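Remarks on the structure that follows.
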Amino acid sequence: MAVAQTEQTARDIALGLAREAQAARECAEEEAEFAREHARGAAEYMAKVLEPELAEERARRANLEADLIDLAAPSESPDSAGG
């Protein structure tokens, strides 16, 4: 009788542990799916918003640099020849 009760207790414990393990697996799968969705959303945001903004900023800086180079270059106009 004691052996049967011990076996039943062991089965109950094993079943409880199996349920906990299954719940942990499901939770991990949900967390992984959330992480994948978050990464997908971040990638879309980068592609749609941040990359165009970065391209605009780079173009603006390139234009400013070109303007600075033009300002720093010696003028070749006839007026500057001392005429």
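For this structure, a couple of remarks:
- Between helix 51-72 and the chain: long-axis angle, C-alpha atoms, 0 to 90°, nearest 10: 20 degrees
- Between ASP67 and GLU20, the modelled labels are 6.7 nm apart [label points 7 Å from Cα along Cα→Cβ].
- Degrees separating the helix 2-45 axis from the principal Cα axis of the chain, which is the longest one: 10 degrees
- At most 10 other Cβ within 10 Å, DSSP loop - GluC sites (Glu not before Pro), the chain: GLU76
- Taken over the chain, the ratio of Cα radius of gyration to 2.2 N^0.38 Å equals 2.95.
Read-outs throughout are calculated quantities, based only on the coordinates presented, and are distinct from any laboratory measurement. This is a predicted model, so every value here is computed, not measured. Quick reminder, even Gly has a Cβ in these numbers, built from the backbone with ideal geometry, and neighbours come from all protein chains shown.
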